[in-house]
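Following: one structure in structure tokens, then a few remarks.
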Amino acid sequence: MKLNIKDKFNSKLPADPILENTRRQVTNACFSYVAPKQTSKPELVHVSPEMLHNLGIPEKDAKSDIFLNVFTGNQVLPNTKPYAMCYGGHQFGNWAGQLGDGRAINLCEVEHQSKHWQLQLKGAGETPYSRTADGLAVLRSSIREYLCSEAMFHLGVPTTRALSLALTGDKVLRDVMYDGNPAYEKGAIVCRVAESFLRFGNYQIFAARQDKDTLKTLVDYTINNHFSHLGTPSKATYIQFFKEVSERTLEMIIHWQRVGFVHGVMNTDNMSILGLTIDYGPYGWLEGYEYGWTPNTTDRQHKRYRYGNQPNIGLWNLLQLANALYPLIEEAAPLETILNKYKTDFESGSLNMMRSKIGLYREEETDVKIMQALEDVLHLTETDMTIFFRNLSSFKPENPTEGLNLINEAFYKPNEIVGNIEKRWNDWFNSYAKRLQSETLSNTERRKKMNAINPKYVLRNYMAQLAIDAADKGDYKLISELFNMLKKPYDAQPEYDKWFAKRPDWARHKVGCSMLSCSS
């Protein structure tokens with residue numbers, strides 16, 4: 001197996017001089033060298049053909065012992081030095097100090113077809129940043145990450161990717177719901193792939209420690225290697241760098257809102273500097289359209305990371321990054337200007353996103369009222385977001401009375417659509433029909449455009465849980481089925497129609513299907 005190794009991070013940035021793999025505070029260094037833990041009986045569960053191609057790995061090589069051993073931690077590629085990154089972060093709004101790659105080990109960086117990729121094993125053992133944890137991952141969470149990162153890419157959402165999913169053959173102790181009932185689960189490793197895994201927290205840790213020299217070294221490295229179009233690092237470049245990070249972050253979050261994705265743990269150490277969705281833990285897709293929903297049990301009380309609050313949290317996290325970059329800029333005004341622009345850009349970007357979801361391609365002043373009225377009626381009774389927007393594409397303005405029939409299967413409790421609720425829906429369809437009459441597209445053209453941004457298939461938690469339950473018994477067919485289906489989420493794919501369905505009743509309160517913990 002030949003890879004075009006082009007390591008930069010661990011060759012250009014300061015390393016932790018201590019080579020022992022012991023938990024500790026690491027200062028004045030961007031990373032620590034660490035070898036993955038040996039696994040007892042590794043077994044590949046699934047490999048992404050697309051990512052093999054992106055990395056220049058022939059499919060036959062993915063069946064080799066070298067591939068299995070490298071991507072389960074049992075073999076280190078020649079001329080590479082695996083490492084774990086040092087970073088800090090705000091967790092649920094509170095500064096947590098040093099965090100770092102506690103269960104992620106970066107293997108190497110690869111260049112292929114003018115693209116740069118960093119390869120990282122998640123669940124490959126402890127590092128100096130593991131704190132009290134074991135650095136391992138279980139099959140349950142690994143399946144969720146493997147499927148979701150690839151699904152998000154094909155939805156058009158900026159994201160990290162996944163190359164492989166493997167069992168380690170080892171047992172891992174986990175307390176799924178943090179309720180004092182730990183149990184052994186199958187250990188697993190995902191190979192994650194991205195241009196870079198740098199997070200807001202990588203910069204925060206040095207600012208918090210008043211280590212301006214290392215902060216400048218890391219920011220300059222980031223600009224030179226990932227934002228080189230901004231030019232030579234300088235005060236003006238730092239401001240432009242922050243501006244672009246802000247824009248990328250907002251673009252990512254508007255995509256989340258568009259497809260109904262809720263990250264669940266938007267801590268600053270889970271925010272990519274490249275504006276990629278990173279760290280798939282207790283995520284979920286909206287079933288019922290509900291601004292207040294969060295999939296994270298840890299967040300159940302305050303719902304800081306609920307669906308409707310994700311844009312605000314993006315701004316809050318950017319403020320923390322601005323504070324971290326301030327020592328290099330020493331001027332608040334340009335940073336404040338960028339943060340204020342995020343607010344106005346969100347308002348316009350969100351409105352345009354919602355326009356496209358309901359097939360409005362001209363801008364009219366009444367659009368804000370139509371959107372607000374729609375969000376209000378969607379909250380009247382539990383209404384499946386994915387099914388609603390997908391079926392709405394079949395609406396014809398000449399038949400507004402057919403609206404409710406078109407979306408009926410999106411209602412979890414159709415018997416509630418009576419009286420005032422029924423009237424308000426019909427009122428909305430009438431105003432929507434009237435508004436559509438000022439559009440120039442035909443019904444067929446509008447439907448095609450709407451179906452190109454309103455997915456038919458998303459990775460609902462119950463679907464992932466079914467794949468997990470089957471995989472626990474050694475059956476991986478459902479992983480492959482979902483993986484293949486989610487590559488074309490906007491296509492009709494009639495062979496997968498059974499997955500275009502509301503969450504079943506059995507999954508409403510089932511662990512793994514409704515609420516998940518951070519260990520998920």
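The values are calculated or read from the model by the stated rules, or taken from the named source; none is laboratory data. As the structure is a computational prediction, the values presented were derived from the model and not from experiment. Heads up, the Cβs are rebuilt from the backbone with ideal geometry, glycines too, and the neighbour counts pull from every protein chain shown. To get the accessible areas, we keep the full protein, side chains included, count just its heavy atoms, and leave off ligands, DNA and RNA. Shrake-Rupley method; radii C 1.70, N 1.55, O 1.52, S 1.80 Å.
Observations
- Among 248-257, 263-272, the order from most to least packed when residues are scored by Cβ within 10 Å on average: 263-272, 248-257
- The trypsin sites (Lys or Arg not before Pro) of the stretch 149-214 meeting both criteria, a DSSP state outside H, G, I, E and B (loop) and at most 16 other C-beta atoms within 10 angstrom of the site's C-beta, are R209.
- Charged-residue dipole, Cβ positions (Lys, Arg, Asp, Glu), the stretch 51-160 about Cα centre, Debye nearest 20: 180 debye
- Simple point charges give the picture: +1 on the Cβ of Lys and Arg, -1 on the Cβ of Asp and Glu, and for the chain a dipole about the Cα centre of about 340 debye.
- Other residues within the sphere of radius under 14 Å centred on the Cβ of N4, judged by their own Cβ, net out at 0 (K and R +1, D and E -1).
- Residue-averaged [θ]222 nm for the chain, counting only DSSP H segments that reach four residues, each worth -39500 (n - 2.57): -12000 deg cm²/dmol
- Karplus 3J(HN,Hα) series, Hz, for the stretch 326-339 with 6.51 cos²θ - 1.76 cosθ + 1.60 (x for Gly, Pro): 3, x, 8, 9, 6, 8, 7, 3, x, 5, 5, 4, 5, 5
- Loop-located trypsin sites (Lys or Arg not before Pro) across the stretch 445-520 with a Cβ neighbour count of 10 or fewer within 10 Å are K473, with loop assigned by DSSP.
- Over all orientations, the chain has a Cα convex hull whose mean projected area works out to 24.5 square nanometres.
- Angle between the chain longest axis and helix 139-155 axis [Cα atoms, degrees, rounded to 10]: 60 degrees
- Taking the accessible area of the chain, probe 1.4 Å, and keeping the other protein chains in place, the carbon and sulfur fraction comes to 50%.
- Selected from G512, L276, P36, residue furthest toward positive end of dipole (the chain; charges at beta carbon): P36
- Net +/- balance of residues flanking I105 in space, Cβ distance below 10 Å, scoring K and R +1, D and E -1: +1
- Rounded tilt (10° steps) of 461-472 against the dominant C-alpha axis of the chain: 50 degrees
- Using every pair of distinct Cα positions in the stretch 360-440, the Kirkwood expression returns a hydrodynamic radius of 13.0 angstrom.
- The residues of the chain present an accessible area of 40 Å² per residue when probed at 1.4 Å with all protein chains retained.
- Nitroxide proxy distance, nm - points 7 Å out along Cα→Cβ at E50 and K12: 2.8 nm
- Listed peptides 82-90, 110-118, 283-291 appear in the order 82-90, 283-291, 110-118 once ranked by packing, highest mean of other Cβ atoms within 10 Å at the front.
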